[in-house]
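The structure appears below as structure tokens.
A short reminder: the numbers here are calculations on the coordinates, not readings from a lab. No experiment lies behind these values; they were computed from the predicted model shown. A quick note on method: Cβ atoms are made from the backbone with ideal geometry, for glycine too, and the neighbour counts reach across all protein chains shown.
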Amino acid sequence: MDTGLAGKVVLITGAARGLGRQAAEAFAREGARIAVLDSSEEGSALAAEELSEISETYRLTADVSREDSVEKAVSSLLKQWKTIDVLIHCAGIARGPEQKGPDGWLPMEQVALDDWQRVLSVNLTGTFLLNRAAARSMIDQRWGRIVNVASISAMVANRGLAGLGPYAASKGGVISLTKVLAVEWAAYGITVNSISPGYMATEMGVRSQTMPGFKELQLSLIPQGRLGDPDEFAAAAMFLASAQAGHITGHNLVIDGGYTAW
Ligand SMILES: NC(=O)c1ccc[n+]([C@@H]2O[C@H](COP(=O)([O-])OP(=O)(O)OC[C@H]3O[C@@H](n4cnc5c(N)ncnc54)[C@H](O)[C@@H]3O)[C@@H](O)[C@H]2O)c1
């Protein structure tokens, strides 16, 4: 199947590790040019260096929650490659910097406003800023593909984890925003979809497994009895960005091994 992605400029946020890193590799193997964006300078440098052995890469260090930082990164990318064809927006955080209970999570009644605001600004405001910046170039060329990353936390409360309110609210916002953008930008040949992973085998997905009994509970809640593989996320992101998915827009694709099915 020719995905039509060879030579396309694909901007991937949160590409230093986890789902973003895996997606970057999958798109690179497809022959796409990869712009690796992450807030971690060291992480984005390493990822870009490794990916450059597969395809052309361009490294960007930016904080997706900051307008000036996003605009600077995007204009640097446009100077380099003139266009953005695909945005895969993976950058996100699960909790704020102060949200630390004995097991890493504080119950909602103890969540500080600063933590609430940090999670909302990275996950939701970041999605707005990246989508807006990428869409300008896509509107000019009357073609584009955007894949945002939400979560099953937008649909169900995660059993066994307290304090995920800011995260759940931010990801619910990502799904709603995705639908609005899909409708507004349909006329320009841009599709906008979201993917909602369940628990995936990345640093974020396994962090809570150190809590006593949590790993067993987590796996028992997934009908397939296993975490998702980042490869499975990358394949879905690539499909939504492919030529074949041209009529799919405003969709939220759940990849959770059945977590939300029962
Ligand atoms: N792993 C899971 O189980 C899971 C489940 C549901 C949804 N998700 C979502 O998938 C996405 C990727 O998750 P992951 O598991 O790869 O996480 P991860 O923590 O392994 O990687 C996230 C990456 O985003 C970067 N990042 C964080 N804040 C940033 C910012 N302000 N600006 C730029 N980059 C920033 C980090 O440096 C890191 O490289 C996130 O949006 C997450 O909410 C993950």
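So, of the residues in the stretch 145-191 that are assigned to a loop (DSSP other than H, G, I, E, B) and touching a Lys or Arg at 6+ places or on another chain (Cβ under 6 Å), which turns out to be farthest from the ligand (Cβ to nearest atom)? Of everything passing the filter in the stretch 145-191, G189 is farthest from the ligand (Cβ to nearest atom).
Rundown of residues vs (1) within 15 Å of the ligand (Cβ to nearest atom); (2) part of a loop (DSSP other than H, G, I, E, B), yes/no style:
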site: A94; (1), (2): yes, yes
site: P97; (1), (2): yes, yes
site: L106; (1), (2): no, yes
site: E109; (1), (2): no, no
site: W116; (1), (2): no, no
site: V119; (1), (2): yes, no
site: N123; (1), (2): yes, no
site: F128; (1), (2): yes, no
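Restricting the stretch 59-99 to residues that are hydroxyl-bearing (S, T, Y) and closer than 29 Å to A112 by Cβ leaves a set whose member that is farthest from the chain's Cα centre (by Cα) is S69.
Okay, residues lined up against (1) under 23 Å from N123 (Cβ atoms); (2) not small (G, A, S):
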{"site": "T3", "(1), (2)": "no, yes"}
{"site": "R17", "(1), (2)": "yes, yes"}
{"site": "A28", "(1), (2)": "no, no"}
{"site": "A35", "(1), (2)": "yes, no"}
{"site": "A48", "(1), (2)": "no, no"}
{"site": "E56", "(1), (2)": "no, yes"}
{"site": "R66", "(1), (2)": "yes, yes"}
{"site": "V70", "(1), (2)": "yes, yes"}
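Could you tell me whether S242 is within 15 Å of the ligand (Cβ to nearest atom), of a type in the set (S, T, Y) and farther than 15 Å from R159 by Cβ?
On the way: within 15 Å of the ligand (Cβ to nearest atom): no; of a type in the set (S, T, Y): yes; farther than 15 Å from R159 by Cβ: yes.
Spelling it out, it is not the case that S242 is within 15 Å of the ligand (Cβ to nearest atom), of a type in the set (S, T, Y) and farther than 15 Å from R159 by Cβ.
A count restricted to the stretch 204-220 and to residues that are of a type in the set (S, T, Y) and away from the ligand (no atom under 13 Å from the Cβ) stands at 2.
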